[in-house]
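Single-structure report; data block below.
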Amino acid sequence: MNYRTGLSERPQYDVVEKPWCIKVNANETNMNLPPLVFERVMSRLSHVAFNRYPNEEEDFLKEAIAKSYSLTKQNVLLGGGSSEIIEKLFYSFGGDDKAIVYPMPSFSMYRIYAYAADAKGVVAPLKEDYSFDAEEFIETVNKNNTSLAVLCNPNNPTGGAVPVETVEHIVKNISCPFLVDEAYMEFYGKSATPLLKKYPNLLIARTFSKAYGLAAARVGYLLADEKIIDMVSRSFMPYHMNVLSLVTADIVYQMRHEYEPRIAMIISERKRVAAELAKIDGIKVYPSETNFLLVKCGNGEALNEAFVRKNIGVRSFGKAKNLENCLRISMGLREENDEIIDVIKLFSEGRD
């Protein structure tokens, strides 16, 4: 078989799953659609013209998103989750060995997207405590042939967030496009979107997968200058969004106030779990502004095995560089979180 050169060396993202009793390894929400939202979605889907391409549905969602940010629909690009949008941005600004700069540790797909885009992924390391060094990031961007700079804010998997003032400091001191990946912004509440009209090289990606629990639907969006939207949209195929996802996301966006109590509950649980874990000997909990916590212990792989024995799925980083002995734990329901706390307590006491 005459495959594309380099395909066999392309890094992959592991999506193999098992039916966990408690699943907190993918930063999903463990709650389905709110009842009122579910009812509205089902009603809307009953009127969908399945024999037509999704032109109107795409426009409806773009217009709703644009209106909420005082933008136009020409400033909005939809994709299959923010992941597809970021992949297309890497493709659009990559090639010819151009540099794409991003922090590390951060979203592991950045490295994969850079490889797929024939770009050179350049890492700007986080500090030892996983805090972000804005000056080093700026220096790394400016000293390379950088075509795109990327910041996940709040950051996955470390959970930390960068203030909007720092985001503005960065965009003022670099000349290339600057993407802020705000997949977890609803849990932080301090978005860089007000800066969009001031800085035409600023791009912001958002998703419906996390706070709004639409991981199965695969819907995200990009906010940017209309000239950037026009160029990046050329990397997408026609009708790349399906009508079922578009209709569902449109309803969810119209009814996003229904999610406010859930988001508040997840934040409250994150704070509660972090406080409980901080009391356990040998466990370090990193500050988080997301729907998950990054924890570290002396033997992360053994702790992960303790979770597996209880049929609980968490994200173990094993011996991954700069994430040795770390586990990322998404916030589940309160009773699920209590079981997770108990597993870690028993492990710390040698009684797992």
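Of the trypsin sites (Lys or Arg not before Pro) found in the range 251-352, those in coil by DSSP whose Cβ has at most 13 other Cβ atoms within 10 Å are Lys279, Lys319, Lys321, Arg351.
Structural size metrics of the range 211-352, computed from C-alpha coordinates, are Rg and Dmax of 19.5, 60 Å.
Given R₀ = 51 Å, what would the calculated FRET efficiency be for Glu17 paired with Asn173, taking r from the Cβ atoms and rounding to 0.05?
Values: r = 42 Å, r/R0 = 0.82.
Working from the Cβ atoms, E equals 0.75.
When DSSP beta bridges are restricted to pairs lying wholly in the chain, around 45% turn out antiparallel. Placing unit charges on the Cβ atoms only, positive for Lys and Arg and negative for Asp and Glu, gives the range 186-239 a dipole magnitude near 120 debye about its Cα centre. Multiplying the residue separation of Thr5 and Lys143 by 0.36 nm and subtracting their alpha-carbon distance yields 46.7 nm. For the chain, modelled as a GNM with alpha-carbon contacts under 10 angstrom, which of Leu246, Leu223, Leu33 fluctuates the most? Largest GNM mean-square fluctuation: Leu33. Here the contact order of the range 35-254, divided by its residue count and restricted to Cα pairs under 8 Å and six or more residues apart, works out to 28 percent.
Compactness of the chain is given as radius of gyration and Dmax, 20.5, 61 Å, from Cα positions.
Dimensions of the range 146-216 along the principal axes, based on C-alpha atoms and rounded to the nearest Å, stand at 36, 22, 21, largest first. When the charge dipole of the chain is built from unit charges on Cβ atoms (+1 for Lys and Arg, -1 for Asp and Glu) and taken about the Cα centre, the candidate among Asn30, Gly189, Ala64 whose Cα reaches farthest toward its positive end is Ala64. Note on the chain: dipole from Cβ charges, positive end direction compared against Tyr239, Gly81, Ser106; the farthest Cα belongs to Tyr239. Each residue of the range 202-209 was assigned a 3J(HN,Hα) from its phi angle through the Karplus curve 6.51 cos²θ - 1.76 cosθ + 1.60 (θ = phi - 60°); the sequence is 8, 10, 10, 10, 10, 9, 8, 6 Hz, with glycine and proline shown as x. Its Cα centre serving as origin, the chain has a Cβ charge dipole (Lys and Arg +1, Asp and Glu -1) of approximately 200 debye. Here is what passes the span test in the chain: the DSSP H helices with alpha carbon length of 18 Å or more along the helix axis and a Kyte-Doolittle mean of -0.5 or above are 81-93, 260-278, 334-348. Using a Gaussian network model of the chain with C-alpha springs under 10 Å, which one of Ala215, Ala117, Ala278 is most mobile by mean-square fluctuation? So, out of Ala215, Ala117, Ala278, the one fluctuating most is Ala278. Couplings for the range 226-236, taken from phi via the Karplus curve 6.51 cos²θ - 1.76 cosθ + 1.60 with θ = phi - 60°, read 4, 5, 5, 4, 4, 6, 5, 4, 5, 8, 9 Hz in order; Gly and Pro are left as x.
Taking θ as phi - 60° and the Karplus parameters 6.51, -1.76 and 1.60, the scalar couplings of the range 313-330 work out to x, 10, 9, 9, 9, x, 9, 4, 4, 6, 10, 4, 6, 9, 10, 9, 10, 6 Hz in sequence order, x denoting glycine and proline.
By the compact-protein rule of thumb, 2.2 N^0.38 Å, the alpha-carbon radius of gyration of the range 1-94 corresponds to a ratio of 1.53. Across q = 0.18, 0.30 Å⁻¹, the range 12-64 modelled as identical point scatterers on its alpha-carbon atoms has Debye log10 I(q)/I(0) values of -0.89, -1.20, in the order of the q list. Determine the alpha carbon to alpha carbon distance for each of Lys62/Lys284; Lys62/Lys210; Lys62/Lys296; Lys143/Lys271; Lys88/Lys143; Lys172/Lys296 and list only those over 30 Å. Too far apart for the 30 Å limit: Lys62/Lys284; Lys62/Lys296; Lys143/Lys271; Lys172/Lys296.
Values in this text are rule-based calculations from the coordinates and carry no lab data. Not measured: the values here are computed from a predicted model. Using ideal geometry, Cβ is built from the backbone for each residue, glycine included, and neighbour counts are taken over all protein chains shown.
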